[in-house]
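K.L.:
First the structure, then my questions, so here it is.
The values are calculated or read from the model by the stated rules, or taken from the named source; none is laboratory data. Quantities reported herein were computed from a predicted structural model and do not represent experimental measurements. Note: ideal-geometry Cβ built from the backbone for every residue, glycine included; neighbour counts use all protein chains shown. When the accessible area is computed, the model is the full protein with side chains, heavy atoms only, and any ligands, DNA or RNA have been set aside. Shrake-Rupley method; radii C 1.70, N 1.55, O 1.52, S 1.80 Å.
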Amino acid sequence: MFGRSTDWLLGIAGGVLLALMIHYNSLLAKYTTPTFASWVAHGLGAVVAVLLVMLAASRLFRRTRAGQEPERVKAPLWFYLGGIPGAFTVILAAITVNGSLSLSGTIALMLVGQIVFGLVSDHFGLFNTPKRRLVAMDAVVALCVLTGSALIIFGGA
């Protein structure tokens, strides 16, 4: 289970997790409001993040006791604004799932958004990634996902 098969399994697991999170968040938004559902989702995410930081800190503490000095990396301040578009994504997802688009249309739109954001990030080297020139295959991939999303949304799936 190494190499490319792990990538596929992680990708499938991430997609399943995304679908489940959107479903339960939208169910909560149906009975409350999309904004409240977003607060609950981000509150649970904050709890999980704190637990992960505590786990990482305990491992880091063990390394410093063993004599290894950890490498410290300081993130730019604008990295911390990532939660703002995330909150809007959760709110919009809750609105669209409970609207006429349903879950499949919502996930299709999210895929398109992720691909476009990924292409922009690659082109400009955002998040300290190496800058990369966009090639024709990038446009073909984006067009295929966009076409598939349009079929899902307008085809009534």
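K.L.:
Helix 34-65 against the longest principal axis of the chain: what's the angle in degrees, Cα atoms only, rounded to the nearest 10?
P.N.:
20 degrees
K.L.:
At a Förster distance of 22 Å, what's the computed FRET efficiency of Leu92 paired with Cys144, Cβ-Cβ distance as r, to 0.05?
P.N.:
Result of the calculation: an efficiency of 0.40.
K.L.:
Just check segment 88-157 against the gyration tensor rule for me: Cα atoms, a ≥ b ≥ c as the square roots of the eigenvalues, rounded for a/c under 1.5, and otherwise prolate or oblate depending on whether a/b exceeds b/c.
P.N.:
oblate
K.L.:
Going 7 Å from the Cα of Leu126 along its beta-carbon direction, which residues of segment 78-100 have the amide nitrogen within less than 19 Å of the resulting point?
P.N.:
The answer is 78-93.
K.L.:
What percent of all Cα-Cα pairs in the chain falls in each 5 Å bin, counting up from 0?
P.N.:
Over the chain, the share of Cα pairs per 5 Å bin runs 2, 7, 11, 14, 17, 17, 14, 9, 5, 2, 1, 0, 0 percent.
K.L.:
Kindly report, to the nearest 10 Å², the accessible surface of Ile152 as traced by a 1.4 Å probe over protein heavy atoms only.
P.N.:
Ile152 exposes around 60 Å² with every protein chain in place.
K.L.:
For the Cα atoms of the chain, what angle does the longest principal axis make with the long axis of helix 102-124, in degrees from 0 to 90, nearest 10?
P.N.:
For 102-124 against the chain, the angle is about 50 degrees.
K.L.:
If I fit a long axis through the Cα atoms of helix 4-31 and take the longest principal axis of the Cα atoms of the chain, what angle between them do I get, 0 to 90°, rounded to 10?
P.N.:
In the chain, helix 4-31 runs at an angle near 60 degrees to the longest axis.
K.L.:
Measuring with a 1.4 Å probe in the full set of protein chains, what accessible area per residue, in whole Å², belongs to the chain?
P.N.:
Per residue, the chain has an accessible area of 76 Å².
K.L.:
Share of the chain's accessible area from carbon and sulfur, percent, 1.4 Å?
P.N.:
73 percent
K.L.:
What accessible area, in Å² to the nearest ten, does a 1.4 Å probe give for Leu77?
P.N.:
Rounded to the nearest 10, that gives 150 Å².
K.L.:
Based on Cβ point charges of +1 for Lys and Arg and -1 for Asp and Glu, what charge dipole magnitude is obtained for the chain about its Cα centre, in debye rounded to the nearest 20?
P.N.:
Value, rounded to 20: 500 debye.
K.L.:
Now a separate question. Where does each of Asp138, Asp7 land when they are ordered by accessible area, with a 1.4 Å probe and the largest first?
P.N.:
Asp7, Asp138
K.L.:
OK, next. Please calculate the 1.4 Å probe accessible area of Tyr24, with all protein chains present, and give it to the nearest 10 Å².
P.N.:
Taking all protein chains as shown, Tyr24 has close to 140 Å².
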